[in-house]
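Engineer: Sharing a structure here in C-alpha cells format.
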Amino acid sequence: WGCTWRLPALLSLPDAEKTPAYWNKGARRRLELALALQPAAQRAKNIILFMGDGMGLSTMSAARIYKGQLAGGSGEESVLAMETFPHMALAKVSGAVLGGTLLLPLLETPLHPSCFQTYTIDRQVPDSAGTGTAYLCGVKANAKTLGLSGAAVYGKCHTTFGNEVDSVLHRARLAGKSVGIVTTTRVQHASPGAAYAHSASRGWYADANMPREALRDGCKDIAYQLVHNTDINVILGGGRMYMTPRQTPDPEYPEDPEQNGTRKDGRDLIAEWLSAKQGAHYVWDKKGLDAVKDDSVSHLMGLFEPKDMKYELNRNTSTDPSIVEMTEKAIRILRRNPNGFFLFVEDDRIPHAGGRIDHGHHSGRAKQALMEAVMLDQAVARAGELTSPADTLTVVTADHSHVFTFGGSTPRGNSIFGLAPKKAKDKQAYTSILYGNGPGYSIRDGARPAASLPA
C-alpha cells in the first residue's frame with residue numbers, strides 16, 4: 001500500500017511529486033488503509049520467519065533504492081515487499097522478542113531493560129549465534145554458543161549438558177506441525193543452527209572441527225545434531241562437506257579435493273537421514289530440486305554447495321536454486337500438513353560469517369549484500385503469493401546490523417553504488433556507500449595509524 005493512484009497522463013513521476021496534491025492524496029490513502037485495518041480474528045496455524053542476517057535499516061534503505069534501479073527507475077520511490085506489511089515496528093533482538101514483532105500487554109511495572117537490548121550476556125556487540133538463540137529459543141546466551149542458556153561457556157563442552165534450550169522450530173514439531181529451514185549459508189551455520197542444535201561453539205560444524213576434549217566429553221557436532229535432534233521436514237542450503245566421510249568426493253566438484261567430505265567418524269549423515277525418514281528425498285542441484293514432486297515427499301534435504309551457497313550475483317542459475325525457489329519448494333511441501341507449519345528462511349551471504357547479506361557486508365561488498373537483500377525481499381513476496389494472511393503469520397526481521405551507511409548529498413537517481421557529487425577533504429572522490437569501524441580512515445604511507453584512546 002502507498003502512493004499507487006493513477007497519475008494525470010501529462011505528468012511524469014518527478015513532475016507529479018512537485019504538486020501538493022500528490023503528497024496529500026498519498027497521506028490520505030495511507031491513513032484510510034490504517035484506519036480500515038482490523039485485528040486478526042483467529043490464530044495463525046503457519047509461521048514463516050524471514051531473517052536477513054546483518055540487514056539493518058541502512059541496508060534496507062539502500063536495497064530499496066537498488067530494487068527500484070534494477071527495475072529501471074530512479075530507485076528512491078521503490079517499495080520493498082516487506083515494507084507493505086500491515087504492521088511494522090523496530091525491535092531489538094533478545095529473549096523477549098521473536099523476529100522483531102512485539103506483542104506486549106501494558107504492565108504496571110516496566111519491563112527490565114534487558115528485554116529490549118541487543119547485547120549477548122558476554123558481549124556488547126552480538127554475533128549470529130547469540131542472536132539466533134535469542135529470537136529462536138527466547139533466551140539470552142553467550143556469544144558463539146548455540147541453543148544454550150547463558151550458563152554455558154563458549155568452547156567448553158562440559159557446560160552444554162543441562163543448559164540446552166529448545167527453539168520455536170523444535171516446539172512446533174512437537175506440536176504436530178511440519179518444520180523447515182531455508183538458508184543461503186551452510187545449513188550448519190549459526191543462524192539455522194540455533195533452530196536445532198545445542199553447541200558450545202558455533203564452529204563445530206563436523207567432528208573434524210571439534211577439539212579432542214569436546215569429543216571425549218560427549219559433545220556432538222552441529223551436522224550430527226541436524227540429522228538426529230529434531231525431525232525437520234525440509235532442509236535447504238549449503239554444507240555438503242560436513243555430512244560425509246573424509247575424502248568422499250563432492251558430487252559437483254569431484255576433481256577438487258578441497259570440497260571433499262570432512263567427517264573423521266566415517267558416518268554418512270545424508271544416508272542416515274534418508275534411511276530414518278519414510279518418504280525422504282535428497283538432492284544436490286537445481287535439477288534435482290525441480291524434479292521433486294511436492295505432493296509425494298514428506299522430507300526433503302537439499303545441499304547445493306560444499307559450504308555456503310554462492311552469492312546471487314555469482315550463482316549458476318542452471319545448477320543452483322535461488323532463495324526464492326528454495327522458499328517456494330519448502331512452502332509447497334510444508335503446507336500439506338493440516339496442523340500447519342513453521343519455516344525459517346535466512347539470507348546471510350558473507351564469505352566468512354553467516355547469511356549472504358551479512359557476508360557481503362563483512363567483506364565490504366555492498367553490491368553482493370544488497371542483491372541478497374533484494375532476493376530475500378523477492379522470497380517474501382513469493383511466500384505471500386503461496387499463503388494466506390488468514391492462517392499464516394509472516395515475520396521479517398534482522399539479527400543485527402553492520403557499520404554500513406550511505407550519504408554524500410547524492411542527487412535523485414544517483415546509482416546506489418555511485419560517487420558522491422563532491423570531493424572529500426583530501427580532494428579525492430568517494431562512494432556514497434561507506435563502511436566504517438572506528439578510527440582508521442586516515443591512510444599514511446599505505447597504512448593507517450593504530451587507534452588509541454584519548455588520554
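Engineer: Looking at ALA208, ALA190, ALA223, can you tell me which residue is crowded, with 20+ Cβ neighbours inside 10 Å, farther than 15 Å from LEU136 by Cα and either modelled with pLDDT of 95 or more or outside the structural domain of GLY288 (by the TED database) (or both)?
Structural biologist: After ruling out the rest, the residue left standing is ALA223.
Engineer: Scan region 363-392 and report the pairs whose first residue is assigned by the TED database to the domain that holds PHE342 and whose second residue is open to solvent by 50 Å² or more (accessible area, probe 1.4 Å) and assigned to a loop (DSSP other than H, G, I, E, B), with Cβ atoms within less than 7 Å and a gap of 6+ or a chain change.
Structural biologist: Cβ pairs passing all conditions: SER363/PRO351; ALA366/PHE417; LYS367/PHE417; ASP391/LYS45.
Engineer: In region 119-140, what residues are open to solvent by 60 Å² or more (accessible area, probe 1.4 Å) and either under 21 Å from ALA63 (Cβ atoms) or at pLDDT below 90 (or both)?
Structural biologist: Once the filter is applied, which keeps residues that are open to solvent by 60 Å² or more (accessible area, probe 1.4 Å) and either under 21 Å from ALA63 (Cβ atoms) or at pLDDT below 90 (or both), region 119-140 yields TYR119, GLN124, VAL125.
Engineer: Residues ASN46, ASN24: which one is modelled with pLDDT of 95 or more and more than 32 Å from the chain's Cα centre (by Cα)?
Structural biologist: ASN24
Engineer: Just to be sure I understand the filter: pairs with C-beta atoms under 9 Å, separated by 6 or more residues or on different chains, first member in region 148-162 and in contact (Cβ under 8 Å) with a residue 24 or more places away in the chain and assigned by the TED database to the domain that holds TRP204, second member among the hydroxyl-bearing types (Ser, Thr, Tyr) and open to solvent by 30 Å² or more (accessible area, probe 1.4 Å). Which pairs pass?
Structural biologist: Pairs found: none.
Engineer: If we keep just the residues of region 204-225 that are among the charged types (D, E, K, R) and in a helix (DSSP H, G or I), which is nearest to ARG246 (Cα to Cα)?
Structural biologist: ASP207
Engineer: What helices (runs of 4 or more DSSP H), lying completely within region 305-396, carry at least 1 residues that are touching a helix residue (DSSP H, G or I) at 6+ places or on another chain (Cβ under 9 Å), at pLDDT below 95 and buried (at least 17 other Cβ atoms within 10 Å of the Cβ)?
Structural biologist: It comes to 356-362, 366-386.
The values are calculated or read from the model by the stated rules, or taken from the named source; none is laboratory data. The structure presented is a predicted model; accordingly, all values stated were derived computationally and were not measured. All Cβ positions, glycine included, derive from the backbone under ideal geometry; neighbour counts span all protein chains shown. Just so you know, the surface numbers come from the protein's heavy atoms only, side chains and all, with ligands and any DNA or RNA stripped out. Shrake-Rupley method; radii C 1.70, N 1.55, O 1.52, S 1.80 Å.
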